[in-house]
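The values are calculated or read from the model by the stated rules, or taken from the named source; none is laboratory data. Note that this is a predicted model, so its numbers are computed, not measured. Here the Cβ positions follow ideal geometry from the backbone for every residue, glycine too, while neighbour counts run over all protein chains shown. Calculation scope for accessible area: heavy atoms of the full protein, side chains included, ligands and nucleic acids excluded. Shrake-Rupley method; radii C 1.70, N 1.55, O 1.52, S 1.80 Å.
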Amino acid sequence: MPAELSPEAGRRIYRIMSNVAACDGSVAAAERDVLQAAQARFGIGAEEAQALEAQGAAGEGMEIGEDKSERDTLISCMIEVVMADGRVDAAERKGLVRVAKQIGLTFQELQDQLLPHIS
């Protein structure tokens, strides 16, 4: 985890990653691996991870800080989780767009940084 990110930022990112991983109705094994790596990266214990995943799956707490480092890390993590199983289906694309809007990513940010990786 970059030094600039606070523990709270890591938890916000993990919650959103969980939402994106579950947006197609299930979390594939490869997506689960990415989430587990993020747990370690952000220093999140198993019990807390379960709570964050439940919140994320329910669409709760879907906010991100204004810090550019946090936003950039989130975009990178979203790319990692949707690309984990080697394919991005229509539900995942729709979920990414929904999450991007919900957390205040501009269309330009989504287009420039996220969509080229999954097209």
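Looking at the structure I just gave you, is V20 closer than 23 Å to E109 by Cβ and under 13 Å from the mean Cα position of the chain (by Cα)? Break it down stepwise before answering.
Values: closer than 23 Å to E109 by Cβ: yes; under 13 Å from the mean Cα position of the chain (by Cα): yes.
So V20 passes the test.
For the stretch 66-119, name all the residues that are charged (D, E, K, R), assigned to a helix (DSSP H, G or I) and open to solvent by 30 Å² or more (accessible area, probe 1.4 Å). Working first, answer last.
Looking only at the stretch 66-119, we keep the residues that are charged (D, E, K, R), and these are 66-68, 70-72, 80, 85, 87, 89, 92-94, 98, 101, 109, 112.
Add one more test, that the residue is assigned to a helix (DSSP H, G or I), and what stays is 68, 70-72, 80, 92-94, 98, 101, 109, 112.
Residues satisfying the conditions are K68, D72, E80, R93, K94, R98, K101, E109, D112.
Matching residues to (1) closer than 18 Å to V82 by Cβ; (2) surrounded by 19 or more Cβ atoms within 10 Å (Cβ to Cβ); (3) out of contact with any helix residue (DSSP H, G or I) (no Cβ under 6 Å at 6 or more places or on another chain); (4) of a type in the set (S, T, N, Q):
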| position | (1), (2), (3), (4) |
| --- | --- |
| A21 | yes, yes, no, no |
| A28 | yes, no, yes, no |
| E47 | no, no, yes, no |
| A51 | no, no, yes, no |
| Q55 | no, no, no, yes |
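I'd like to verify a number: residues in the stretch 1-38 that are over 20 Å from E63 (Cβ atoms) and either assigned to a helix (DSSP H, G or I) or in contact (Cβ under 8 Å) with a residue 40 or more places away in the chain (or both), how many?
Residues meeting the conditions: 11.
Would you mind stating whether E63 is surrounded by 13 or more Cβ atoms within 10 Å (Cβ to Cβ) and in contact (Cβ under 8 Å) with a residue 24 or more places away in the chain?
no
Out of S76, S69, report the one residue that is small (G, A, S), under 11 Å from the mean Cα position of the chain (by Cα) and either on the phi < 0 side of the Ramachandran plot or modelled with pLDDT of 85 or more (or both).
S76 is the lone residue from the list that is small (G, A, S), under 11 Å from the mean Cα position of the chain (by Cα) and either on the phi < 0 side of the Ramachandran plot or modelled with pLDDT of 85 or more (or both).
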